[in-house]
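The next block holds one structure in the form of structure tokens; read it before the comments.
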Amino acid sequence: MIAEIGLGLLWLAAGLAVVQAFLGMAGLRQPDRPDLGGAVRPVAVAQAVLVVAAFCCLIYLFIVSDMSVKLVAANSHSDKPMLYKVSGAWGNHEGSMLLWVTVLAMAGAGIAVAERRVRRDTLIATLMAQGLLALGFYAFLLLSSNPFERLNRAPQDGQGLNPLLQDPGLAFHPPTLYFGYVGMSVAFSFAVGALVTRDVGPAFARAMRPWVLGAWIMLTLGITAGSYWAYYELGWGGWWFWDPVENASLMPWLAATALLHSVTVLATRDSLRAWTVMLSVVAFSMSMVGTFLVRSGVLTSVHAFAVDPQRGSFLLALMLLYIGGALALFGLRIGTVREGALFEPVSREAALVLNNLFLTVILGVVLIGTLYPIVAQGFGQQVSIGPPYFNPAAGSVALLLVIAMVAGPLMRWRSDGMKAVLRRMAAPVILGVVALVGIKVLAPDIGTLPWLGLAVAILAAAGSIAPLWKRNLARTPLFTWGMVIAHLGVAVALAGMAVDSAFYKERLVAVDEGDTTDVGPFSVRLVSVEPIIGPNWTALEGRVEARRGDGAPFLLTPQARNYSAPPTDTSEAAISTRLDGQLYVVLGKQGQDGRWQLRLWWKPLVTFIWLGGAMIAIGGALSLVGRLWRERRSPRGGASA
Amino acid sequence: MRKVFLWLPLAVFGLLLGVMGHGILNPEQTTIPSKLVGTKVPAFNLPAAVPSHPGLTNADLATGKPVLLNFFASWCLPCIAEAPVLEELKREGVVIHAIAIRDKPEDVARFLAEHGDPYARIGSDVSSRVQISFGSSGVPESFVIDGKGVIRHQHIGDIQPQDMPKILKALKDAQ
């Protein structure tokens, strides 16, 4: 019964999305009838309430393990721990699409209730765009991916959730990314709304900024968490594989990062009007392209999701409608938008334009690399594109980007003197050059990219805190602190990547119980291998004792796990975090001679990568809180930054 | 000029949609066919895998009559699934030769006793060297070879009942 109620609620919500879109259009057509446009707001809220209720129905079905529902039977199992029963609701295609519209509708309701900054007609147009957007995804759910479908005969028990996904991090990784993607859709709706009413200006940018910032924080967290998951769960010791699914989350992040900075320029200085609108559309397109790549199965990936060309075609049609429509609107309307304020070539605006340019280039590099295999296949070639392309192509531009990132906050708005800028940048640049020479002398054999990366990281670390120099720290606004912490986070993450790539140590050995081997500064002894039993798996657990020099020994317990439903072997790496890096141990197969394979890594400073990611997100959060705080105190919004 | 520029994003997006649409319509190929289809079989001479059957050389594959060459192994589960289909093909009059991959005589004998024996000759390829020279990467895998010893068709994976017409047609075309 609950499944039917859920489905009914979903249909009702879809109906309200139609009403929302039509009321919006009617309200814009007849400005003399304020009741039409005014009704859009309550409808948007009602739509959100209905779809949230439908989503709760789905979660309930997963909690009680109602195996007569196809989605539950295919993705859950009554033996599963409760956390994974609940997360099973969105750990699959249908459920995740329902989560998507749920978040979308909640965002729409949020705009309807709280947004007071933009013009009334722009708000109505924005909510109309939201309604149209939601409608497409309702159609997708109801016509081709109904999460509430029943089975004719209920099976005894479900097929379980892929064990690799039974991990606390993964329970929250997809929703985090989805919040990010959907936040981008709000930016998209604002851009469409502003184009419809020709109201592209600072007010629109200020209304959009918290959504962009929030979405960007979520994407940052999602990517950081996803990278750490791949690192410890897959047991390959790597933290980024340039896999299509990883790129699918990176591309919206790159676009969102660019948008975040251009929207600030628009809000503060009223420059970059057309570019900001363009980026809002691009950022949302990249979210949709990402979803498409993950869901359609066009590209093979380590992330084996349910693959269905029909769903891919549906998503493609939605993209054609929304992105194509928005870009056509852009072509028609943007020519009539008044040009924004101008700025000098040496100014903070110019540095931000440079930053946008570099981000866009990286985005292009990643997009081309991700899609090239499809193009090549069209010409009868099979290619696989990986680190040899991405690392130098994206990496070198990323280093330039980081340098521009350091320069930006040290420049004044509108116009600045070259000499003054150089004086402010002198200390970080000198540090960077010293690092460049120092590293070459101390470690002449490391690769070019890690070498440059480390030097740029040191330059950026110094440069990021430079804006606080000689400032009254107590009176520095919260969003400036946010920027400093986020930029410092970039430097920290870059340092982690560079040091790990340059100095990691890897060993693959076959050892008997009791044997000692070594990796990096550690000596490692396999004490024993014992069978153990978990809630829904059995495993062989290696007891590995490691010590550095004469230090105290510590125990690592890598496992080779075997899950019963669905039957799958996974390896649980054992990771010991030290102050200066991580020791990473994977237990492999037992050979015919009775010896065990051990794969060992010493990964210096690798934790900095995720620490940096977290700092970027925290910086974003501080900035968001700081902006909202300031706007609350001066409702018309200060033009200062 | 500026007007045209404004439509550029739409054009780029159209291109992108085209690429992705093309990707949907042409699903990625996940198996790689052997480059040797259409060429003569490589020369080889394999000893018998079990005492009950003679071994296999490339000359046995060029006797004027098309044959099916099946790479299998006693340790391979899909090969067990494939066994009844091979029996069915034998009943249709197909001559099936086999190459056992990385196998032991007693294991092969047990496999034949348990899952049926459709084979005329079975060569033993202990090091997979002949398998690699055929451009084959796994078991089971089958090749249709015409009377002159030329590879006409490759089937990757187990032959399922619905694949039978395809195999029979390939054998007929090879005559």
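The numbers here are math on the coordinates, done by the rules we state, and not lab data. Everything numeric in this text was worked out from a predicted model, so none of it was measured.
Structure above, values below:
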read-out	value
Rel. contact order, % - alpha carbon contacts under 8 angstrom, at least six apart, chain B	29 percent
Amide H contacts of A:G581 (H built 1.01 Å from N, under 5 Å, at least 5 apart or other chain)	A:L605
The stretch B:62-106: relative contact order as a whole-number percent, Cα under 8 Å and 6+ apart	58 percent
Given B:K40/B:K169; A:K440/A:K603; A:K505/B:K35; B:K104/B:K172; B:K35/B:K166; A:K589/B:K166, the pairs whose alpha carbons are separated by over 31 Å	A:K505/B:K35; B:K104/B:K172; A:K589/B:K166
Relative contact order (percent, whole number), the stretch A:1-58, Cα cutoff 8 Å, 6+ residue spacing	53 percent
Sum of -39500 (n - 2.57) over DSSP H runs of 4+, divided by residues of chain A (222 nm, nearest 500)	-21500 deg cm²/dmol
³J(HN,Hα), Karplus 6.51/-1.76/1.60, whole Hz, each residue of the stretch A:531-540, x for Gly, Pro	x, 9, 10, x, x, 9, 8, 10, 7, 9
J(HN,Hα) series, the stretch A:441-458, from Karplus relation 6.51 cos²θ - 1.76 cosθ + 1.60, nearest Hz, glycine and proline x	6, 6, 9, x, 9, 6, x, 4, 5, x, 4, 4, x, 5, 5, 5, 4, 5
Under Karplus coefficients 6.51, -1.76 and 1.60, residue-wise ³J(HN,Hα) of the stretch A:404-420 in Hz, glycine/proline x	4, 5, 5, 5, x, x, 8, 10, 8, 5, 6, 7, 8, x, 4, 4, 4
